[in-house]
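Below is one structure; the comments refer to it alone.
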Amino acid sequence: MHELAITQNVVDAVRERTGDADVRAVALEIGKLSGVVADSVRFCFELVAEGTPLERATLTITEPAGQARCRTCGDEFDVDDLIALCACGSADITVARGKELRVTSVEVR
Amino acid sequence: MCATCGCSDDTGTRITALPVGGPADEGSASPEDHGHGHGHGHGHEHDHGHSHEHDHAHEVGGDEHAHTVLLEQRILAKNDKLAEENRAWLGERAILAVNLMSSPGSGKTTLLERTVTDLNGEPPVAVIEGDQEGHLDARRIRRMGCEVVQINTGSGCHLDAEMLRDGLAALGPRQQSVVVVENVGNLVCPALFDLGEGARVVVMSVTEGADKPTKYPHMFRAADLVLLNKMDLLPYLDFDVDHFTALTRRLNPEVTIQQVSATRGDGMPEFYAWLGARVSA
C-alpha cells in the first residue's frame, strides 16, 4: 500500500504550489513500470484529498507504456514488465519510458 | 494526519533509541515505558519542505476563471530531496548506510546479529530497525552491544527519507562507520523510496520460492547486493539456486549475489569484504 504514501505526496506537492486555492483537476503520469498501481492511487486520492482544497478535484492519470533500450545492441523496444529480453538475446537493458511518476498539471480557480 | 504516509497520528511513526545497557535491557521493563512517544521530536527542524506553500498563492488566487498550472513535478520529489540531504550528511561523515530489505522472515535480524558480533567494531556498526510495531528486533541487536534505534512506522509499510533523517539524529552514528537500516519486511514498497543510503542489500532465503525476482522485480532491480540466506537448509529444500541466479541477473545484470548462512556463518566473510570495500571507498 505505498500508493497511500504516493497519493499523500501528490496532494502535498500540489498544495505547495497552489496553497488554499480551489483545485478542480489534477493530472498525473504514472508509468506502467513505475511500481505504482494507478487504480490504487485513484482509490486513495478520495481519501487523502478529503478536507483539502483538492477535495472535489477530478483526477486524470495517463499511464505511459514501457519502453526499453538494449545496452548491447542499442535497439529500442516496447516492454510490459521489467523482466525483458532484447531480440538480440541480451538482458542488459535500461528502461527508457514507463517509470514516470509525476504531477503534470493542475487546474485551479 | 502524518504527512508521510497518511496514517493517523496515534499510530504514526515513533522513534525510540535503545541505549546499550539501558534500563530495558532484559525485557523486564518494556521500552514502551521509556519511549519517546511520537518520534518527530528529536530536536531538529521539521518545517522545511513547506516553505513554498504560500509562495504562489497570489499567482492563482482571485482569478475568475479556472486555469491550468503546469507542474511537471516528480511525485517523490520531496522524499528524494530529503534522501539527497541524508546522502550528503552521511558522505561528510564517511558513513556507509546500508538499506537492508527483504520479505518478513528471511533472516535480516539474524544476519545483523552475526555481522555485529563478527565485525566487533571494525568497522563500527550501528543499526536502525524499522518495524510496524514493537522493539523486538532492536532488543535483539542491542544484546549484541550495538547502538540501535527503533523506528515504528505504525500503519506504514516502508521507511522513507524523513524517517531515516530522524533515525540518524536519534542514533548519532560515529564517523567512518556502517549504519545498517533494516527496512520493514516487505518486498514491494521499500523499493520505491530512496532513503539516501549508500548501498541496497536484498536478503532472500532459500525457504522462499526461487521465482521471487519475477514476482517482485522492482526490489531485485534496485539491489546492489543480493544475499541468498539459509543456505544450510538447501539440502532439505527444492530450491533451484541456478534458476534464482539467472532470474536475478536478467533483471539486474550488475548485481552481486552471495550465498550465506547467517545462523552457521557460511559465506559471511565475503559479505564483510563487500561491506569493507564500500566503507573505505
When only residues in the range B:185-197 that are touching a Gly at 6+ places or on another chain (Cβ under 9 Å) and open to solvent by 10 Å² or more (accessible area, probe 1.4 Å) count, which is farthest from the other protein chains (Cβ to nearest Cβ)?
B:Gly185
If you scan the range A:35-61, which residues turn out to be within 8 Å of chain B (Cβ to nearest Cβ) and either surrounded by fewer than 20 Cβ atoms within 10 Å (Cβ to Cβ) or part of a loop (DSSP other than H, G, I, E, B) (or both)?
A:Gly35, A:Val36, A:Leu47
Among B:Val206, B:Val201, B:Val181, which is more than 22 Å from B:Asn152 (Cα to Cα) and open to solvent by less than 10 Å² (accessible area, probe 1.4 Å)?
B:Val206
For the range B:224-266 the number of residues that are buried (at least 20 other Cβ atoms within 10 Å of the Cβ) and among the aromatic types (Phe, Trp, Tyr) is 1
If the requirement is being aliphatic (A, V, I, L, M) and within 27 Å of B:Lys81 (Cα to Cα), which of these qualifies: A:Ala84, A:Ala68?
A:Ala68
Residue pairs qualifying under the 7 Å Cβ cut-off, at least six apart or on distinct chains, with the first in the range B:238-257 being within 13 Å of chain A (Cβ to nearest Cβ) and the second being in a loop (DSSP other than H, G, I, E, B) and among the charged types (D, E, K, R), are B:Leu247/B:Asp211; B:Pro253/A:Asp92; B:Val255/B:Asp224
Matching residues in the range B:79-105 - criterion: being among the aliphatic types (A, V, I, L, M) and farther than 16 Å from B:Ala199 by Cα:
B:Leu82
Kindly indicate whether any position in the range B:222-238 is modelled with pLDDT under 95 and within 26 Å of B:Ile128 (Cα to Cα).
yes
Selection count, the range A:17-31, where residues are more than 7 Å from chain B (Cβ to nearest Cβ) and either in a strand (DSSP E or B) or surrounded by 21 or more Cβ atoms within 10 Å (Cβ to Cβ) (or both):
8
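Listed here are the residues, each with its yes/no results for (1) among the aliphatic types (A, V, I, L, M); (2) open to solvent by 30 Å² or more (accessible area, probe 1.4 Å); (3) under 20 Å from B:Ile15 (Cα atoms); (4) at pLDDT 90 or above.
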site	(1), (2), (3), (4)
B:Gly41	no, yes, yes, no
B:Ala57	yes, yes, no, no
B:Asn79	no, no, yes, yes
B:Arg93	no, yes, no, yes
B:Ala97	yes, no, yes, yes
B:Thr110	no, yes, no, yes
B:Thr117	no, yes, no, yes
B:Ile141	yes, no, yes, yes
With the requirement that a residue be closer than 22 Å to B:Gly134 by Cα and more than 14 Å from chain A (Cβ to nearest Cβ), what does the range B:172-184 give you?
B:Gly172, B:Val179, B:Val180, B:Val181, B:Glu182
Out of the residues in the range A:65-104 that are part of a strand (DSSP E or B), surrounded by fewer than 19 Cβ atoms within 10 Å (Cβ to Cβ) and in contact (Cβ under 8 Å) with a residue 60 or more places away in the chain, which is nearest to the other protein chains (Cβ to nearest Cβ)?
A:Thr104
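The values are calculated or read from the model by the stated rules, or taken from the named source; none is laboratory data. No experiment lies behind these values; they were computed from the predicted model shown. Cβ atoms come from the backbone with ideal geometry, glycine included; neighbour counts cover every protein chain shown. Note: areas computed on protein heavy atoms with side chains; ligands, DNA, RNA excluded. Shrake-Rupley method; radii C 1.70, N 1.55, O 1.52, S 1.80 Å.
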